[in-house]
Amino acid sequence: MTLRWTPQPTGDAIVDIVLSLNEQAKAMHGTEVATASYSSFKPSLTSLDAIARKIEEVEKDIRNLGGHPGRYLRSMLNAKGYFVRSLQGDDLPYAEYIANIQELPSTLIPEEAMARHRNLVEEGLTNLGYQGTLKEKAESWLKETLIAPDKVVEVAESMKDKSKIGTLQRVIGLPEEDEIDYIKSIRGVFWSGYSKYTGDFRGNLTFNIDRPWTEPVLAQIMTHEGYPGHQAFYCRWDYLFQQGELPLEASYYLINTPTNALFEGGPESALHFLGWDRDEEETEGIPLAQKAQYKLARDWIDMQRMAMTNACYLFNTGEMDKAEAVAYMMEKGLLGEIEANNCYRFFSDPIQKTYYPSYYYGRWMVGKAYDSVSKEQRADFFKILYDTPHTTNTFIDAVSELSGRKFQPFEQVKTAKEDFVL
């Protein structure tokens, strides 16, 4: 029995909008934006204008829908409307797009915050015995932990079973049919790792070997793409939909909606969920020395992501060109030239430019949320994160209710325009 939040014509129209947006994005930019859809619906809307008109119709239908379903669906439809405007090329301020599509801030991460994180990285490197400047320490660490390109898949495979065991023990349950069928390498793309859900609880992973990989960094990305990251999310949602526990109106994953910060923020915190970076956790044969490496890698990725997110903002607001953005990432985040250029390709993409902020702000939001609840509340937290359709704002409210105190992950962040209220 399919769970529905709205009458059949309304719910069917919502899924039609999603799948039709996917067809338009593929036709215009060669990009799949509905990366999972669990129903058997087929798209019928053949233009952006037709999609926009259907969004307006559904907005009228759900105007008075109460409770969490109403709040969730109104936010999602608003985002889809702005996504259509972005695809049409409407010249709106970048901050307005991000506030309405992602329900996230859009401004510069302060230099003081970035400096504090660079200090965390330097402290971690010093504790591991590295000497010299931050750059010299980092170069030595990266060189010592480097994986040869032809060994990346082999190392990733060695992490797969451990991370799944930890997921089942400490995070969420998955159906017996769940499986990552294969892990492979690729070249010539701008992303680092990609999780492709193929249906029936199965998926596969791909890693870009144009960029250098170290074992501690690969562990972060492997758990992000696999368990308890994207594969776990996709599989869990499919299972819930088939069990009649996930509503048709949320039976998909769509790029450029207010669900993105959860879908990226959860995987960005995946290794932390497993306890692979925490001394106090019983884990899958991860020794303390390796945990120190994984903690450092997380701080390293966060430091880089800050620089990358700022470069994304500065480029998309017209304050930097490509050369300046690449140089900024290399200076502030210590990215290599290949990584910086790949990141530029990512956030300058016409689809991904309004998606990219979900990585940093999602990591910030979900990581803070997880650390704000007690160990006894973690099962309830994971039910909020994995099992309940949420937007950025409804998630923040759910965490506030769970913890018993106001959760304000973006309290110190202001949008570039005061009227773009989050």
Pairs under 8 Å by beta carbon, first residue within 13 Å of Lys160 (Cα to Cα) and modelled with pLDDT of 95 or more in the stretch 172-198, partner open to solvent by 60 Å² or more (accessible area, probe 1.4 Å) and among the hydroxyl-bearing types (Ser, Thr, Tyr), six or more apart or different chains? Asp181/Thr198
Please count how many residues of the stretch 120-149 are open to solvent by 70 Å² or more (accessible area, probe 1.4 Å), without any contact (Cβ under 8 Å) to a residue 24 or more places away in the chain and under 26 Å from Asn208 (Cα atoms). 4
Given Leu296, Leu271, Leu335, Leu288, which one is of a type outside the set (Lys, Arg) and touching a Gly at 6+ places or on another chain (Cβ under 8 Å)? Leu296
Within the stretch 35-67, the residues that are in contact (Cβ under 8 Å) with a residue 40 or more places away in the chain and hydrophobic (A, V, I, L, M, F, W, C) are Ala36, Leu48, Val58, Ile62, Leu65
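Residues checked against (1) outside any strand (DSSP E or B); (2) among the hydroxyl-bearing types (Ser, Thr, Tyr); (3) open to solvent by 20 Å² or more (accessible area, probe 1.4 Å):
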site: Trp5; (1), (2), (3): yes, no, yes
site: Ile17; (1), (2), (3): yes, no, no
site: Ser20; (1), (2), (3): yes, yes, no
site: Ala25; (1), (2), (3): yes, no, no
site: Thr35; (1), (2), (3): no, yes, no
site: Pro43; (1), (2), (3): yes, no, yes
site: Ala52; (1), (2), (3): yes, no, yes
site: Glu57; (1), (2), (3): yes, no, yes
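Residue-by-condition table, conditions (1) crowded, with 20+ Cβ neighbours inside 10 Å; (2) part of a helix (DSSP H, G or I); (3) modelled with pLDDT of 95 or more:
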{"residue": "His272", "(1), (2), (3)": "yes, yes, yes"}
{"residue": "Asp277", "(1), (2), (3)": "yes, no, no"}
{"residue": "Gly285", "(1), (2), (3)": "no, no, no"}
{"residue": "Trp300", "(1), (2), (3)": "yes, yes, yes"}
{"residue": "Ala307", "(1), (2), (3)": "yes, yes, yes"}
{"residue": "Ala311", "(1), (2), (3)": "yes, yes, yes"}
Enumerate the pairs (first residue in the stretch 374-391 and in contact (Cβ under 8 Å) with a residue 24 or more places away in the chain and open to solvent by less than 10 Å² (accessible area, probe 1.4 Å); second residue anywhere and acidic (Asp, Glu) and not in a helix (DSSP H, G or I)) with beta-carbon separation below 8 Å, excluding pairs fewer than 6 apart on the same chain, so at least 6 apart or on different chains. Thr391/Glu103
Would you mind listing the helices (runs of 4 or more DSSP H) fully within the stretch 322-422 where at least 2 residues are farther than 17 Å from Ser192 by Cα and either in contact with a helix residue (DSSP H, G or I) (Cβ under 7 Å, 6 or more places away or on another chain) or at pLDDT below 95 (or both)? 322-332, 357-372, 378-382, 392-403
Filtering the stretch 1-34 down to residues that are touching a residue at least 12 places away in the same chain (Cβ under 8 Å) and of a type in the set (S, T, N, Q) yields Thr2, Thr6, Thr10, Ser20, Asn22, Gln24, Thr31
Residues that are surrounded by fewer than 21 Cβ atoms within 10 Å (Cβ to Cβ) and not in a helix (DSSP H, G or I): does the stretch 217-239 have at least one? no
Going by what's in this entry, would Arg71 be described as open to solvent by 60 Å² or more (accessible area, probe 1.4 Å), within 30 Å of Val15 (Cβ to Cβ) and of a type in the set (Lys, Arg)? yes
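Results for (1) touching a residue at least 40 places away in the same chain (Cβ under 8 Å); (2) over 22 Å from the mean Cα position of the chain (by Cα), shown as yes or no for each residue.
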position: Met306; (1), (2): yes, no
position: Phe315; (1), (2): no, no
position: Ala323; (1), (2): no, yes
position: Leu335; (1), (2): no, no
position: Asn342; (1), (2): yes, no
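The values are calculated or read from the model by the stated rules, or taken from the named source; none is laboratory data. Since the model is a prediction, treat every value here as computed from it, not as a measurement. Ideal geometry is used to build each Cβ from the backbone, glycine not excepted, and the neighbour counts take in all protein chains shown. In case anyone asks, the SASA skips ligands and DNA or RNA and just uses the protein heavy atoms, side chains included. Shrake-Rupley method; radii C 1.70, N 1.55, O 1.52, S 1.80 Å.
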